[in-house]
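For reference, the structure discussed in these notes is given below.
Throughout, read-outs are computed from the coordinates displayed, never taken from laboratory work. Small disclaimer: the values here were computed from a predicted structure and weren't measured. Because the Cβ atoms are built from the backbone with ideal geometry, glycine has one as well, and the counts that use them run over all protein chains shown.
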DNA sequence: CATGAATGAGAGTTCATTCAT
DNA sequence: AATGAATGAACTCTCATTCAT
């Protein structure tokens, strides 16, 4: 989990407890109000601290999210970097990657959404978002190349295809995990395993086709 | 009311010219600054009108976007509703739908992004976003059911699969058309036709698989 | 007096009346509290306006003082530039210059002090202060050179001597006109004409000496 | 109490070492940032001490400066009080006084400026400043009376003339020693001995004139 | 004595919205 | 209808001062 650290400077036990409290409050407020509507004063209040305390630990709202996002980035990295398995079948491997990403979203969803939202308002978060995406695109493009060598999804640029793939995964995670958006829409309950099953099938399907395939 | 198309009240030629100017300015400012950062005063200035004029025509920023979004919604509807072609092959039909959606995005991108951004900040736009998505999901789910009758992508819920499909399309449009996001990332130039080609192939691929398929 | 203008942009009668009110209030508050302690909210209140109105006309406290200082600078320039009289006896001329400076201080004293105070806190006002001083030093150094040609105050650098002269005048004005400082100290009433008489005599005396003078 | 020299209470070796460190840090910070911008936390940090330690020794910023200023006041007193020499020629004596004042400024410049700055913001420092000035005015006025008895600078009030004289010296010191202001302005290097030479000549000149003098 | 995290009053600044002209 | 100055609620951020360890 490797949470903690990332605040401003060395501090004692008391200081890091406060920082943790502010971060936790930050996650809750961000989840509740979104990045744009989150107020520093609300974060402080939610943490049961004074406003000044917030500023002792973070320069502003941006820096708070930066710290939280770092945890998200690490979680994604740990989860996705892990299934090294180049040796695996590219499709099986992709399934693993999707599942990992899903897990990261499940745990850090609010932060992920906040970063996404912030990326629409703040150039440095836009950069961060591009970095995160780039990471995902690179990883997926490797599997696509492998698949192409076996004769699948030929005739498309691996990077472009990877970008499309990542959009599918990211936004599905966003819509389902975070916003719970389509659940109400479809009048169904959230069912992680069904959704992830469907998602992985479609991810794989999206690249496991041959130009010469016939019905 | 709904016929008067969003403005506030019946107005003469001068009034509607002003309203058009404000809408046009709104699109430019929204494109430039995003929904959250767009200021009423900037829209008025961009339109070459006084702030008071803005309020003569729109109650607030929300109403302005509502008016612009209505145009986007109609464009999507016209484009997507059009390829009625239930009679077509479901996959061919899906290709058409994707192309239509893409076109709508190309033309109304700034507004689409603004609505999306607003949906993160404002509950009524969140609703609107869900409506737009629901529309897309319903349309796609019909094709999926057709495909399933032919033995494809069986074993998955058509609505859930459709949601995933829509995420892929929507977010790819968002990333490429609007934010131009992955272009720099991949160090390539924008090439609409290549991207749309890849996207449609993957959309189709995502549902044109059989459980029993072998390599 | 040529007051007015200097605000942010073109505005109508109402706007410039408000701006004038804010400037007047600014002068009073600056006189009362000094630059450092002056609060925007106090200026607005003193002007009988809302805080927002202040910001409609000035970007911040610095800009307000800048506008007021410009009036002071012009007053000094008008007063001091005027006694062109190079043709005059350099000592008579100097007397005129001192009187002019005194008049400017009498009228804009509070602003002058505010600028001086600001120069201790804000680099751009420090620059302005140096500019104003430089202006005075240049003017006085011309008279000193003339005096030197007649055999007076030889053996000193005209600029350095001028700097000393300006210090005498400036700080005497500061102490007496503005702060009223030495009045209470000396247990006397302010008497402009006596003070200015003494000051001019000493200014002249400070350079009207000969190295070979004997008692 | 007065003997303990400004600190708060009787303290041991450790305490007074800390206090000395804080004072030294105070001088540096005051020189760097000025009185208004100096922050308690910066002084503590510069001293390598905790903020709490600062408050153990001084009630607030005002008290710190008071302690430092006391040292300055004593230096001025020691330097200026010393040249008792009423027996000297009043002009020679004045030269000595000016030189002494200059020396005090050279050594305690930062503190002197800080006190001056503080006097614009804080009534008790305004008082202190008046006291210091009064001291100087009293001393100089004695010489002026002596000069008047010899027929010089007759017809002016000795106290008023003395006030003008002190302004010349004080502000010249301020401008040159502390702010280094006119140096850059005049494009010359600092040259203590030249400046002090000029200054003393002008101080003497300012009172060594006769009403009946002819060119 | 030393420490430094915590506190919160207070100042600056923005911007949606109103309304008299 | 159009105008744009005026308004003030709502936020952000700073820093002197306290106090538990």
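Take each residue in D:97-110, count the other chain C-beta atoms within 10 Å of its C-beta, and the mean is 0. Look at the stretch A:32-40: the mean tally of other chain Cβ atoms within 10 Å of its residues' Cβ atoms is 2. Residue ranges A:130-140, A:147-157 sort as A:130-140, A:147-157 when ordered by packing (mean number of other C-beta atoms within 10 Å per residue, highest first). With label points set 7 Å from Cα along Cα→Cβ, the inter-copy distances at residue B:50 are 1.7, 4.8, 6.2 nm, sorted shortest first.
Projected over every direction and averaged, the convex hull enclosing the alpha-carbon atoms of segment A:22-71 yields 2.9 nm². Protection proxy ranking of D:167-175, D:121-129, by the mean of other Cβ atoms within 10 Å over each peptide's residues and highest first, is D:167-175, D:121-129. Partner shielding of D:166-177 amounts to 6, given as the average count of beta-carbon atoms from other chains within 10 Å of each residue beta-carbon. Across segment C:68-207, counting alpha-carbon atoms alone, Rg and Dmax equal 15.1, 43 Å.
Over segment C:68-207, Cα pairs under 8 Å with separation of 6+ residues give a relative contact order of 27 percent.
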